[in-house]
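A.B. asks: Dropping a structure here in structure tokens format, bear with me for questions.
We did not get these values from a lab; they are worked out from the coordinates using the rules stated. Note that the structure is predicted; figures quoted are calculated from it, not measured. Using ideal geometry, Cβ is built from the backbone for each residue, glycine included, and neighbour counts are taken over all protein chains shown.
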Number of protein chains: 2
Amino acid sequence: MKISSILERCCHICKLPGRVMGIRVLRFSLVVILVLLLVAGALTALLPSVKEDKMLMLRREIKSQGKSTMDSFTLIMQTYNRTDLLLKLLNHYQAVPNLHKVIVVWNNIGEKAPDELWNSLGPHPIPVIFKQQTANRMRNRLQVFPELETNAVLMVDDDTLISTPDLVFAFSVWQQFPDQIVGFVPRKHVSTLSGIYSYGSFEMQAPGSGNGDQYSMVLIGASFFNSKYLEFFQRQPAAVHALIDDTQNCDDIAMNFIIAKHIGKTSGIFVKPVNMDNLEKETNSGYSGMWHRAEHALQRSYCINKLVNIYDSMPLKYSNIMISQFGFPYANYKRKI
Amino acid sequence: MKISSILERCCHICKLPGRVMGIRVLRFSLVVILVLLLVAGALTALLPSVKEDKMLMLRREIKSQGKSTMDSFTLIMQTYNRTDLLLKLLNHYQAVPNLHKVIVVWNNIGEKAPDELWNSLGPHPIPVIFKQQTANRMRNRLQVFPELETNAVLMVDDDTLISTPDLVFAFSVWQQFPDQIVGFVPRKHVSTLSGIYSYGSFEMQAPGSGNGDQYSMVLIGASFFNSKYLEFFQRQPAAVHALIDDTQNCDDIAMNFIIAKHIGKTSGIFVKPVNMDNLEKETNSGYSGMWHRAEHALQRSYCINKLVNIYDSMPLKYSNIMISQFGFPYANYKRKI
């Protein structure tokens with residue numbers, strides 16, 4: 001419509017006599033320029049929906065993901081002296097669906113965190129924050145990190161590779177049981193006639209009189225749990241923190257005590273991993289992990305008894321529920337006929 | 001003390017002169033009788049704690065069990081024309097821990113239920129009630145039986161043998177999820193572009209885009225569910241009952257619809273059976289079970305679409321949670337290293 005009225009006016013102008021021929025050419029040029037500007041305007045309106053920066057779209061998606069605090073999780077990985085494993089694992093974990101951010105708790109006190117190396121190998125799918133620590137403490141990973149925005153924490157040891165299908169499934173289970181630790185490593189305590197407890201795994205006597213085994217803890221080093229439990233941990237008696245500092249151990253046992261006490265039922269749900277590996281043999285650092293220390297297992301029994309003393313109760317509860325993903329691997333539910 | 005005072009009196013009497021010799025003998029006899037009675041009384045007081053009728057004790061235990069309505073369950077087994085299988089199965093199920101009572105829904109209209117045979121082969125651990133039906137209907141098993149005293153129903157088809165460890169474990173799972181069907185047979189519905197649904201099992205397309213499969217129904221013919229759902233079923237629109245009567249099928253699909261609608265989440269939880277068998281090949285009755293009818297599978301798809309129509313919604317929800325018993329069979333949770 002616009003163009004035709006312009007042409008009408010143009011024709012009207014064109015009908016003017018004599019000496020206005022120069023003006024006619026000028027006005028015709030103006031009309032042409034106007035038409036071109038209109039066309040350019042139309043193109044500009046169309047272009048962005050076709051040629052939008054895909055990276056920009058991806059960043060927008062991630063920002064909106066961050067606002068759904070139940071729909072994504074934060075990976076917290078504490079590391080000491082196994083940077084080769086750490087970087088290999090970060091390459092894997094950074095690509096896991098629903099991951100919001102990674103917080104690396106850098107316990108190598110004398111050494112600078114590899115921020116520059118990390119950035120030089122970007123871009124990365126999600127933000128990774130390296131938190132330089134002032135002391136090499138086991139419980140550093142249980143701080144209330146200001147960078148943590150999600151309700152869910154995925155906590156993984158710096159030598160543990162958990163496959164993406166396992167993580168996606170376990171996260172979906174956590175969303176159904178958000179007050180419990182949903183993880184891949186079950187352990188238990190056993191009572192003895194003397195009232196002294198022992199810590200152990202499947203090789204230990206199964207509690208109760210029925211079939212099968214039971215677990216009463218799910219270790220946090222390969223698990224999802226509610227980020228509010230980090231605050232709970234900080235509020236525990238000083239004796240609990242001191243125990244963990246003295247042993248450089250048992251932070252996970254303490255977390256199970258805290259959660260079981262809080263919810264009045266079993267602290268965790270065991271999800272059987274389909275594909276989870278420990279990479280510690282692959283490190284060139286010469287460092288082999290805390291659980292190889294001679295006193296490690298005994299310490300954990302010691303911790304249980306100390307914690308029962310501190311809390312004046314044994315809040316851990318047994319469970320024999322093992323969760324697997326229906327149909328993964330294929331037809332894993334078919335009956336033996 | 002009593003005996004000595006009697007003896008004293010006796011001696012006193014004995015000291016009496018002459019002609020009382022006859023009385024002396026009489027009194028001595030009385031003393032002997034008295035002593036014997038006292039001894040017999042003492043024995044009677046001791047005997048019951050040693051020789052108590054064990055059957056009586058068992059009956060008392062069962063009565064007190066019946067009062068804990070969450071701690072025991074009622075088996076409801078509907079049967080048609082496979083009495084050989086029924087009796088073999090009853091021999092197995094009657095011994096399952098935490099079983100309160102069995103209700104046999106006797107659909108053999110022209111035939112008398114085997115009460116006499118059953119009683120002649122007693123005593124039995126728990127009561128078994130044979131309920132003679134007036135018409136051979138699939139939905140007879142979903143009546144609100146007055147004899148049912150427990151919160152939990154175990155419903156089993158009359159050709160299905162579920163091992164005791166499976167039942168004990170699944171019951172413990174039901175106690176943790178009492179509003180859902182906890183059972184051993186998962187099925188699903190699939191959507192199609194036309195909006196028409198189809199019913200199927202693992203061979204059908206897995207819904208969603210992730211790994212593995214999903215289920216949206218747990219069949220009631222090998223499951224635990226809350227007995228209140230029998231009342232719910234009775235309250236459903238007449239069209240639902242008519243559908244089940246017309247097809248002699250789909251009562252279990254209807255139950256899944258009802259429960260999913262009521263709780264707003266997936267109707268059931270699948271527990272993977274370790275040892276569950278179908279005995280239909282072992283019957284001498286010549287009868288082979290409803291699911292062998294040519295139209296059976298098609299009917300079930302038909303039922304889903306009819307129910308969606310009746311309820312004006314598709315309330316079924318998908319789940320991929322598969323539960324197994326931790327440590328049974330032994331070390332079933334060990335990682336593949």
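A.B. asks: Over the Cα atoms of the stretch B:198-301, compute the convex hull volume and normalise it per residue, giving Å³.
C.D. replies: For the stretch B:198-301, the hull spanned by Cα atoms encloses 155 Å³ per residue.
A.B. asks: Return the subset of A:Lys281/A:Lys306; A:Lys272/B:Lys101; A:Lys265/B:Lys265; B:Lys228/B:Lys265; A:Lys334/B:Lys317; A:Lys265/B:Lys228 for which the Cα-Cα distance in this structure is over 29 Å, preserving the input order.
C.D. replies: Check vs 29 Å cut-off fails for A:Lys281/A:Lys306; A:Lys272/B:Lys101.
A.B. asks: State, to one decimal in nm and shortest first, how far the label point of B:Pro207 sits from each corresponding label point in the other identical copies (label point: 7 angstrom along Cα-to-Cβ).
C.D. replies: 3.8
A.B. asks: Which values of log₁₀ I(q)/I(0), to two decimal places, follow from the Debye formula for the stretch B:197-258 at q = 0.20, 0.27 Å⁻¹ with a uniform point scatterer at every Cα?
C.D. replies: Listed by q, the Debye log ratios stand at -0.89, -1.21.
A.B. asks: Starting from a label point 7 Å past Cα on the Cβ side, list the distances from A:His296 to the same position in the other copies, nm, shortest first.
C.D. replies: 5.4
A.B. asks: Follow-up question, since we're still on this one. As an exercise, use a Förster radius of 35 Å and the Cβ-Cβ distance of A:Arg235 and B:Thr69 to find the FRET efficiency, rounded to the nearest 0.05.
C.D. replies: It comes to 0.30.
A.B. asks: Need one word for the stretch B:75-157: rounded, prolate or oblate. Basis is the Cα gyration tensor (sqrt eigenvalues a ≥ b ≥ c); a/c below 1.5 gives rounded, then a/b vs b/c decides.
C.D. replies: In terms of gyration-tensor shape, oblate.
A.B. asks: What residue among B:Leu219, B:Leu85, B:Leu298 shows peak mean-square fluctuation when chain B is described by a Gaussian network model with Cα springs under 10 Å?
C.D. replies: Highest fluctuation among the options: B:Leu298.
A.B. asks: Right, here's the next one. Based on alpha-carbon centroids, what's the gap between the stretch A:308-337 and the stretch B:202-255 in Å, whole number please?
C.D. replies: That distance is 26 Å.
A.B. asks: Just from its helices, what would the mean residue ellipticity at 222 nm be for chain A, if runs of 4 or more DSSP H residues each count -39500 (n - 2.57) and the sum is divided by every residue, rounded to the nearest 500 deg cm²/dmol?
C.D. replies: That calculation yields -12500 deg cm²/dmol at 222 nm.
A.B. asks: Then there is this: When ranked by the protection proxy of mean other Cβ atoms within 10 Å per residue, highest first, what sequence do the peptides B:268-275, A:168-175, B:227-234 form?
C.D. replies: Ranked by mean Cβ neighbours within 10 Å, highest first: B:268-275, A:168-175, B:227-234.
A.B. asks: From the label point of A:Gln132, set 7 Å from Cα along Cα→Cβ, how far away are the matching label points in the other copies, in nm, ordered shortest to longest?
C.D. replies: Spelled out, the distances from A:Gln132's label point are 9.0 nm.
A.B. asks: Check cross-link reach from A:Lys261 to the aspartates and glutamates: straight Cα distance under 16 Å, and skip same-chain residues fewer than eight apart.
C.D. replies: Straight-distance partners of A:Lys261: A:Asp179, A:Glu231, A:Asp251, A:Asp252, A:Asp312.
A.B. asks: Given just the C-alpha atoms of the stretch B:257-337, how large is their convex hull per residue in cubic angstrom?
C.D. replies: So the per-residue Cα hull volume is 180 Å³.
A.B. asks: Let me ask another. Based on the mean of other Cβ atoms within 10 Å per residue, sort peptides B:306-318, B:23-35 so the most packed one is first.
C.D. replies: B:306-318, B:23-35
A.B. asks: Here's something else I'd like to know. If you average 1/r across every pair of different Cα atoms in the protein assembly as shown and take the reciprocal, what Kirkwood value do you get, in Å?
C.D. replies: This gives a value of 31.4 Å.
A.B. asks: Taking the Cα centre of each part, how many Å lie between the stretch A:142-161 and the stretch B:137-176?
C.D. replies: What the calculation gives is 43 Å, centre to centre.
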